[in-house]
Amino acid sequence: MLKSSIIPVLQAVPLPVLLVNAEEKIVASNQGAQALFGAALEGRAFVTVLRQPQLGRALEAALTEGRADQVRLRITPPGREMLTLVSVAPLPPDEGGMLPRGGAMLSFEDITAVEEAEAMRRDFVANVSHELRTPLTALMGFVETLRGAAKDDPVARDRFLAIMEREAGRMNRLVGDLLSLSRVESEERLRPTTQVDLSAVLKGAMQTLTPVAEMQKVALIRAGETGVLKVSGDADQLTQVFSNLIENGIKYGGAGGSVTVTVTHIAHEPVLRGPAFRVAVSDKGEGIEPMHLPRLTERFYRVDTHRSREQGGTGLGLAIVKHIVARHRGRLKIESEKGKGSCFSVILPAL
């Protein structure tokens, strides 16, 4: 008979834990295990709670051979799916009756977040490698050509050098965005405390991008609230946010159209629990299909990969925007309809 004094000990363990006797019946569990597998576990055969052949073999080895083991399992508790590392350990002989004689203990560690982080790391390395490989391959090919067939052809040489300059610039932008993303992520938990004039930030971003807009024959329009608009923020990072959104509007909003930057004061923004400013950057371009919207802020995600690269995009701009907005305790909202343009809204707490 299991002594009741062991139960508080099990409840203090932060991981879900099951104690199983020599007959493979559950004799004790803590609240973590009950949250995973349901209440009233005591007395049930273990196989009726978790039917996993690999785990069953590990439990049998612990009970019959005294061998500890670990098993990775994907289980589905109510409302979610999780990857767990199950540690199966035989229990030591206990003459005092506190533990089941000849039994085993199973503990369940949720490693879902660790596995997802590792998968993201692998994807990130693969994406960076892919993004760098294309321009590097082009550069190597043109260098070889310039040393050979085009060595004495000034027209071809100038054309190849122009392409090489463009590809080198693309790599430089990619490295710059990677460094910027790393810096923003490292500062994301540090909330800015400096007062910033949102109007001045927008004015600076629009003035910088005016030549780009003129080349694309796109009109930049400032609308809504004007004057001094105070927010708590990092002026450089906010400039980066709005420069990125405005530049995207110019590039993908369609030549000959317009990009409108509208500032609206919100007396009470429910999510931010106070007053806020909404800065909406909208264009009249071809719009984005709904299936792409949830993934736009993922690193290297592009709606049109070829067009984005031709326009000089690195695929990291909106990921940087998302992290900067999060650092400022704001919200990023993306609205678009195919054929009717797009609107990227940044909502920031007002002072």
Please specify each residue of the stretch 120-132 satisfying the condition of being within 25 Å of Arg80 (Cα to Cα) and at pLDDT below 80. Met120, Arg121, Asp123
Please go through the stretch 170-181 and give me each residue that is open to solvent by 70 Å² or more (accessible area, probe 1.4 Å) and within 18 Å of the chain's Cα centre (by Cα), ordered by number. Leu179
Pick from Ile334, Ile320: which is open to solvent by 30 Å² or more (accessible area, probe 1.4 Å), within 22 Å of Val184 (Cβ to Cβ), in contact with a helix residue (DSSP H, G or I) (Cβ under 7 Å, 6 or more places away or on another chain) and at pLDDT 85 or above? Ile334
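What about Ala22, is it out of contact with any His (no Cβ under 7 Å at 6 or more places or on another chain), touching a residue at least 60 places away in the same chain (Cβ under 8 Å) and assigned to a helix (DSSP H, G or I)?
Criteria not met by Ala22.
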If the requirement is being in contact (Cβ under 8 Å) with a residue 60 or more places away in the chain, surrounded by 11 or more Cβ atoms within 10 Å (Cβ to Cβ) and of a type outside the set (Val, Ile, Thr), which of these qualifies: Glu185, Glu167? Glu185
For the stretch 1-28, which positions are modelled with pLDDT under 90 and in contact with a Leu (Cβ under 8 Å, 6 or more places away or on another chain)? Leu2, Ile6, Leu10, Ala22, Val27, Ala28
Consider Glu286 against the criteria (1) open to solvent by 20 Å² or more (accessible area, probe 1.4 Å); (2) modelled with pLDDT under 90; (3) over 16 Å from Ala219 (Cα atoms); (4) not in a loop (DSSP other than H, G, I, E, B): it satisfies all of them except one. Which criterion is unmet? (4)
Residue satisfying all of: in the stretch 123-161; of a type in the set (Lys, Arg) and surrounded by fewer than 15 Cβ atoms within 10 Å (Cβ to Cβ); nearest to Arg173 (Cα to Cα) among these: Arg133
Selected residue (only one of Pro192, Pro135 is more than 30 Å from Arg327 (Cβ to Cβ) and at pLDDT 80 or above): Pro135
Please work out if Arg101 is assigned to a loop (DSSP other than H, G, I, E, B) and either modelled with pLDDT of 85 or more or aromatic (Phe, Trp, Tyr) (or both). no
Return the residues of the stretch 219-244 that are without any contact (Cβ under 8 Å) to a residue 60 or more places away in the chain, at negative phi and not in a helix (DSSP H, G or I); say none if nothing qualifies. Ala219, Leu220, Ile221, Arg222, Ala223, Glu225, Thr226, Val228
Assess whether Val212 counts as being of a type in the set (A, V, I, L, M, F, W, C), closer than 22 Å to Ala280 by Cα, outside any helix (DSSP H, G or I) and out of contact with any His (no Cβ under 6 Å at 6 or more places or on another chain). no
Could you give every pair whose Cβ atoms fall below 6 Å, whose first residue belongs to the stretch 65-83 and is within 19 Å of Glu118 (Cα to Cα) and open to solvent by 70 Å² or more (accessible area, probe 1.4 Å), and whose second residue is assigned to a strand (DSSP E or B) and at pLDDT 85 or above, counting only separations of at least 6 or pairs across chains? Arg72/Leu85; Arg74/Leu83
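The values are calculated or read from the model by the stated rules, or taken from the named source; none is laboratory data. Bear in mind the structure is a predicted one, so any value in this text is a computation, not a measurement. When we count neighbours, we look across all protein chains shown, and the Cβ atoms used for this are built from the backbone with ideal geometry, even at glycine. Accessible surface areas use protein heavy atoms only, side chains included; no ligands, DNA or RNA. Shrake-Rupley method; radii C 1.70, N 1.55, O 1.52, S 1.80 Å.
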